[in-house]
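Everything below concerns the one structure shown next.
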Amino acid sequence: MAHLFLPTRARRTASIIGMALVWGLGTATYADERALLVLEQKSSLGKVSGRIDHLAIDLERHRLFVAELGNNSVGIVDLDAGRLARNLSGVKRPQGVAYVKSTDTLYVANAGDGSLQLFQGPDLVAAGRIELGDDADNIRVDQTDDKVFVGYGQGALAIIDPKRRAKVADIALPAHPESFQLTASGEQIFVNLPEVRQVAVVDTHEGKLRVAWAMNDAQDNFALAIDENRQRVLVMFRNPARLAAFATNDGSLLAKADACGDADDLFVDATRQRVYVSCGEGFLDVFEWHAGKYLRTEHIPTAAGARTSLFVPELDRLFLAVRATWTEPAAIWVFRPTPGMSDVKQGRSTRP
């Protein structure tokens with residue numbers, strides 16, 4: 001199978017040819033380079049059934065971690081080889097995964113028993129377990145301050161000390177947290193609380209909720225991202241299916257646009273000033289900022305239920321988790337961004 005991350009000269013040669021060879025599950029086709037996201041590869045996850053949840057990356061080893069919730073396992077994909085390396089068992093309905101570089105540890109949040117399991121080193125040896133409570137969910141890592149945050153229960157963010165491998169504090173919230181993101185400074189966390197139709201703003205220094213913004217015009221706010229360049233919090237709603245942008249300083253609504261349905265992940269591509277949304281309805285949406293609005297410039301068919309993804313700027317790839325069907329095994333679909341019109345006009349290269 002072709003490698004994803006080729007030497008620079010090889011990538012430039014492929015660019016000159018003008019067509020990217022896409023390796024499917026044993027099938028090669030040619031991609032449409034006019035698309036803003038080009039399907040580059042499909043990596044099988046093997047005999048994995050059921051729902052797939054969130055993803056995480058080990059950049060140094062080029063390993064992708066996949067929370068295989070319905071299969072009670074975590075998949076480890078070797079991105080250089082473009083294939084499954086192994087599966088971790090012994091987890092219970094894993095929802096969130098995160099890799100902590102400082103301690104070379106993979107964290108797995110389990111909805112099945114409310115635990116946070118740790119696996120360390122190149123061989124991912126079991127390295128501990130932290131009991132949290134019901135519905136252990138999303139995980140975020142503050143690399144600067146060396147902290148791990150885990151959403152769980154009826155309303156809390158657990159703060160984990162990676163060196164001590166222990167929970168050191170809780171931040172109370174009015175409802176169960178779904179997607180949440182830290183600001184680049186690490187001083188704030190924005191948290192989706194769909195049960196109470198709010199976005200919470202947490203002060204990390206004080207360790208408490210500072211303010212909550214009411215979401216009056218839409219419901220089911222699950223996916224969230226921060227646009228640091230424009231100082232906006234981007235939120236995807238499921239009812240109605242909509243992307244909305246709020247000012248980080250006061251929560252005022254700045255823009256909104258219709259989007260694909262059943263979204264679960266949302267990412268900002270700062271290089272190209274784009275937004276990527278993955279939806280269980282079976283689409284990837286691409287938005288671009290133009291004339292004071294978010295315009296949906298791509299509506300890319302994927303697969304039903306493929307609503308979780310991970311955009312990795314360092315690799316310049318979007319990884320989409322696709323569950324198994326009657327005809328194809330579960331897989332990771334790898335998308336490569338291509339230049340948009342704004343890149344061409346400014347003479348800016350977007351190739352890795």
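The values are calculated or read from the model by the stated rules, or taken from the named source; none is laboratory data. If you're wondering where the values come from, they're calculated on a predicted model, not measured in any experiment. With ideal geometry, Cβ positions are generated from the backbone for all residues, glycine too; neighbour counts draw on all protein chains shown.
Quick rundown of the values:
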| item | result |
| --- | --- |
| Flag if residue 248 is under 21 Å from residue 178 (Cα atoms) and in contact (Cβ under 8 Å) with a residue 60 or more places away in the chain | yes |
| Which numbered condition residue 164 misses (of (1) part of a loop (DSSP other than H, G, I, E, B); (2) of a type outside the set (S, T, N, Q); (3) in contact (Cβ under 8 Å) with a residue 12 or more places away in the chain) | (3) |
| Counted residues, segment 256-293 - those being hydrophobic (A, V, I, L, M, F, W, C), crowded, with 18+ Cβ neighbours inside 10 Å and not in a strand (DSSP E or B) | 2 |
| Residue 327 vs. criteria surrounded by fewer than 23 Cβ atoms within 10 Å (Cβ to Cβ) and not in a strand (DSSP E or B) | yes |
| Residue in segment 51-66 that is surrounded by the most Cβ atoms within 10 Å (Cβ to Cβ), counting only those that are assigned to a strand (DSSP E or B) and out of contact with any Ser or Thr (no Cβ under 8 Å at 6 or more places or on another chain) | 66 |
| Single unsatisfied condition, residue 135 versus (1) touching a Phe, Trp or Tyr at 6+ places or on another chain (Cβ under 9 Å); (2) surrounded by fewer than 18 Cβ atoms within 10 Å (Cβ to Cβ); (3) modelled with pLDDT under 95 | (2) |
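Residue-wise test of (1) closer than 18 Å to residue 54 by Cα; (2) part of a loop (DSSP other than H, G, I, E, B); (3) β-branched (Val, Ile, Thr).
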| position | (1), (2), (3) |
| --- | --- |
| 80 | no, yes, no |
| 87 | yes, no, no |
| 90 | yes, yes, no |
| 108 | yes, no, yes |
| 123 | no, yes, no |
| 135 | yes, yes, no |
